[in-house]
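Enquirer: Have a look at the structure that comes next, please.
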Amino acid sequence: MHPILEEFLDLWVWPTAPGAGGAKFRRRITEEKCIPGWEGLVQSTVRELESGQGAGEDWKRRLALEGYAAEGVQFSIKQMSAQLMSINLNDQPRWIDVQRMRARQVWDECKHSKLHVDSLSGHGWIKDERELMNDVDANFQPLSAYFGQSMMFTHIHPLARNAQHYFIEAGAYLTICIYDQMVGDLLVRHQHLSQKAEELMHFMEGKYQIDTYCTTPETQNAVEETLEWVLRFFQGKV
Amino acid sequence: MPTLKIDHEFCTECRMCYVACRELNLNAVYVAAEPLHRIEIDPARCLFPGCTACLPYCPAPGSMVEAETGRSMVPPPPDVHRWSLKGRMR
């Protein structure tokens, strides 16, 4: 196991709350599904950077454009709105804190897109963010989950998206940890510095909600089915 | 008895501790009206070190400390917070 992943598990994944009803379920999906996925993501990112791509301008430009495509304002609003609307009005009293967490995330994601713009403009590839409105590379990303097709699914269980918070946000955090170690470019560092803290926070939202709320077969199945769907992308099946 | 406090140099005000504490109906974590409308911990309500339920969900290293020693409680030190999924529940 890569040391970055090992440290992430020890510091942030394994600690749980006493008596957390969903902790046993979280441990199982972590061991069976998340760790293999995270390990694959870490190893592929390390391989990419070890090949020298991280020093190239093309790599940095693509990284920023892909980031913008994933976290652009329009995409972020739609995706987070879908998460918020997965909670019906009648269910709001139970999931009021879940809604608060997700509402806050709208700003985080919109800010992340601005950081990608900072990198693109700082490197001299664009003069203004508005230039990206007509750039396909800044508006399309292949990720089939979270910021992709699933943003349309408002009807899924309110807790199902914790699979995405738990798995995808951890992957983002791990990837940024690797950039920190292996990419020296100051603009790439700027692009990711505050993101690093916020991806970990979004991961914690998923971890907390699984531990605290996913205590029944119904809620656990909702999370696990979504996780399977998310993982298909990483396993090359989508 | 040691007490827990927020270190505002590191806290990101994400309020995960607030949510975790409220879910347990302890309500020791609150948003203080003064001086800067920030998260604080009420030592009269907080059960630390008997309760450490907020610690595993805080994402900001160093943002919660033991007030008397300044020792960071985030990420949660294993000698203070004993609840870990590592090596258990097999």
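Read-outs throughout are calculated quantities, based only on the coordinates presented, and are distinct from any laboratory measurement. Only a predicted model underlies this, so the values are computations on that prediction, with no experimental measurement involved. We place every Cβ from the backbone using ideal geometry, glycine too, and count neighbours over all the protein chains shown.
Enquirer: If you take each beta carbon of peptide A:194-207 and count the beta carbons of other chains within 10 angstrom, what is the mean?
Expert: 3
Enquirer: Continuing with this model, one more query. In whole Å, what is the distance between the alpha-carbon centres of the range B:1-79 and the range A:1-54?
Expert: Computed from Cα coordinates, the inter-centre distance equals 25 Å.
Enquirer: Along the Cα-to-Cβ line of B:MET1, 7 Å from the Cα, sits a label point; which residues in the range B:16-55 have backbone N less than 12 Å from it?
Expert: Under cut-off, by backbone N: B:43-51.
Enquirer: Shifting gears a bit: In chain A, what is the count of Lys pairs whose alpha carbons are under 25 Å apart, counting only pairs at least 8 residues apart or on separate chains?
Expert: 19
Enquirer: Based on the Cβ-Cβ distance of A:GLU228 and B:GLU34, what FRET efficiency does E = 1/(1 + (r/R0)^6) give at R0 = 45 Å, to the nearest 0.05?
Expert: About 0.40, to the nearest 0.05.
Enquirer: In the range A:1-49, which trypsin sites (Lys or Arg not before Pro) fall in coil by DSSP and have 12 or fewer other Cβ atoms within 10 Å?
Expert: Sites meeting the loop and neighbour criteria: none at all.
Enquirer: Mind checking the full-extension length gain between A:GLU31 and A:ARG130? Use 0.36 nm per residue of separation minus the Cα-Cα distance, one decimal, nm.
Expert: Contour length minus Cα-Cα distance gives 31.3 nm.
Enquirer: Let me ask you something else. Given labels modelled 7 Å from the Cα in the Cβ direction, how far is it in nm from A:ARG61 to A:THR216?
Expert: Here the modelled spin labels are 5.3 nm apart.
Enquirer: How high is the FRET efficiency between B:ASN27 and A:SER81 when r is their beta carbon distance and R₀ equals 25 Å, given to the nearest 0.05?
Expert: Approximately 0.25, to the nearest 0.05.
Enquirer: Then there's this: Under a Cβ-only charge scheme (Lys and Arg +1, Asp and Glu -1), can you give me the dipole magnitude of the range A:168-238 about the Cα centre, in debye to the nearest 20?
Expert: For the range A:168-238, the charge dipole is close to 260 debye.
Enquirer: Using DSSP to define loop residues, name the trypsin sites (Lys or Arg not before Pro) in the range A:69-100 whose beta-carbon has at most 15 other beta-carbon atoms within 10 Å.
Expert: Within the range A:69-100, the qualifying trypsin sites (Lys or Arg not before Pro) (loop, at most 15 other Cβ atoms within 10 Å) are A:ARG94.
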